[in-house]
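Structure first, then comments.
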């Protein structure tokens with residue numbers, strides 16, 4: 001078994017099934033991002049359209065009622081900023 | 001054949017009780033601003049956790065399951081390009097057998113996902129066969145209008161005039177020179193209970209169509225417009241905007257066919273010119289005004305055809321004529337007096 005291999009073939013589940021649902025979440029796709037969405041809380045009406053149209057499914061409603069992305073996964077596509085009816089989201093260059 | 005379809009199991013989704021639990025997890029490998037994975041996520045939101053998915057090869061298979069990881073939170077099987085519908089049929093038969101034996105109590109929803117290539121070209125025979133056999137499953141075609149996964153090769157679902165790597169635009173070519181294959185109408189011609197077209201820009205419409213499709217007894221088909229920023233040449237942020245434009249210019253009209261009866265679900269009062277849609281994408285950038293006018297003509301023609309189908313398959317026009325017929329004898333009666 002080389003260092004790069006996933007595991008010995010004997011350890012694979014039958015049919016090479018993946019037994020842990022949704023474990024793609026281990027990959028933090030937030031590293032792909034160049035622009036980051038910034039929410040203007042004064043303009044936001046908490047309609048949740050950004051969460052509906054997020055192709056990463058990473059925008060959720062928080063305790064304060066605002067919808068915010070999980071920056072571990074946000075790829076910075078800018079759909080939320082483009083679709084926001086109040087233009088409350090701005091895409092700005094991220095400092096890394 | 002026109003027939004009445006039992007939609008009593010249909011639970012409508014409203015803006016207030018929008019399902020939020022997505023069966024595709026974050027961390028999938030789709031491009032920035034992918035409209036296809038967004039549409040697929042919306043379908044799984046509407047279907048809920050009690051679902052089994054058969055997924056043909058394509059973008060959605062590649063981005064959701066880089067071994068040993070999976071973005072799926074529900075049972076999912078990857079099948080070859082051509083047989084998503086056949087495998088879904090097999091899953092349905094297995095579910096039937098398990099229910100008969102009492103090993104399974106809740107009947108799961110069975111959904112097959114395929115791209116336009118696996119639906120219109122490669123998996124077309126298997127799809128037609130599954131419709132003909134009448135399995136109770138939903139086939140969702142995520143139509144991004146070319147083989148995007150392998151690098152933007154044309155499919156039979158690529159629209160007229162689009163430039164792809166195998167239909168490149170140049171001095172002697174306008175890009176794709178054939179018309180887009182009209183898959184929803186082909187599916188409807190099988191006489192299956194439910195056929196619809198949907199767009200992720202109109203999310204409530206899409207989710208409700210999925211719920212309707214899952215509630216009917218028999219096969220159902222939903223054709224979803226899936227914007228592809230990489231393949232179409234547009235910024236990722238414009239995906240939903242383009243999807244909206246496609247509906248507002250009537251390039252992709254939203255309609256459903258329930259038991260053979262056509263109905264437009266999104267009527268566009270003032271359609272925008274097709275050039276608004278064409279100019280927003282790099283794949284159509286080379287088109288001249290003359291070609292754009294031809295595309296406009298085709299779009300108008302297709303819509304007219306659809307409206308005629310709506311008028312021909314619905315009982316409403318006959319009802320509208322009846323009062324006139326009744327009014328006429330009344331006048332005669334008045335004259336006699």
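The values are calculated or read from the model by the stated rules, or taken from the named source; none is laboratory data. Please read these numbers as outputs of a predicted model, since none were measured by experiment. Heads up, the Cβs are rebuilt from the backbone with ideal geometry, glycines too, and the neighbour counts pull from every protein chain shown.
Computed quantities for the displayed model
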| item | result |
| --- | --- |
| Members of the range B:215-239 that are buried (at least 24 other Cβ atoms within 10 Å of the Cβ) and either closer than 19 Å to residue B:46 by Cα or in contact with a strand residue (DSSP E or B) (Cβ under 8 Å, 6 or more places away or on another chain) (or both) | B:219, B:220, B:221, B:222, B:223, B:224, B:225, B:226, B:231 |
| Pick from the range A:7-16, criterion assigned to a loop (DSSP other than H, G, I, E, B) and facing chain B (nearest Cβ under 9 Å), ranking: surrounded by the fewest Cβ atoms within 10 Å (Cβ to Cβ) | A:7 |
| Members of the range B:76-86 found to be over 16 Å from residue B:140 (Cβ atoms) and modelled with pLDDT of 95 or more, listed by number | none |
| Residue match in the range B:179-192 (condition: more than 17 Å from the chain's Cα centre (by Cα), part of a loop (DSSP other than H, G, I, E, B) and surrounded by fewer than 22 Cβ atoms within 10 Å (Cβ to Cβ)) | yes |
| Among the candidates A:72, A:42, residue that is modelled with pLDDT of 90 or more, assigned to a loop (DSSP other than H, G, I, E, B) and either at positive phi or surrounded by 10 or more Cβ atoms within 10 Å (Cβ to Cβ) (or both) | A:72 |
| Residue in the range B:149-170 that is within 20 Å of residue B:110 (Cα to Cα), in contact (Cβ under 8 Å) with a residue 24 or more places away in the chain and in a strand (DSSP E or B) present | no |
| Conditions (1) over 26 Å from residue B:234 (Cβ atoms); (2) facing chain B (nearest Cβ under 8 Å): number failed by residue A:51 | (1) |
| Selection from the range A:26-39 of residues that are under 9 Å from the mean Cα position of the chain (by Cα) and surrounded by 18 or more Cβ atoms within 10 Å (Cβ to Cβ) | A:29, A:30 |
| Helices (runs of 4 or more DSSP H) contained in the range B:11-106 and holding at least 1 residues away from chain A (no Cβ under 13 Å) and surrounded by fewer than 24 Cβ atoms within 10 Å (Cβ to Cβ) | B:84-101 |
| Hey, residue A:58 facing another protein chain (nearest Cβ under 9 Å), at negative phi, surrounded by 11 or more Cβ atoms within 10 Å (Cβ to Cβ) and in contact with a strand residue (DSSP E or B) (Cβ under 8 Å, 6 or more places away or on another chain) or not | yes |
| Total residues in the range A:75-96, condition at the interface with chain B (Cβ under 9 Å from one of its Cβ atoms), free of Cβ contacts under 8 Å to residues at least 40 places away in the same chain and either in a loop (DSSP other than H, G, I, E, B) or closer than 24 Å to residue B:23 by Cα (or both) | 3 |
| Selection count, the range A:62-74, where residues are within 8 Å of chain B (Cβ to nearest Cβ) and touching a strand residue (DSSP E or B) at 6+ places or on another chain (Cβ under 8 Å) | 1 |
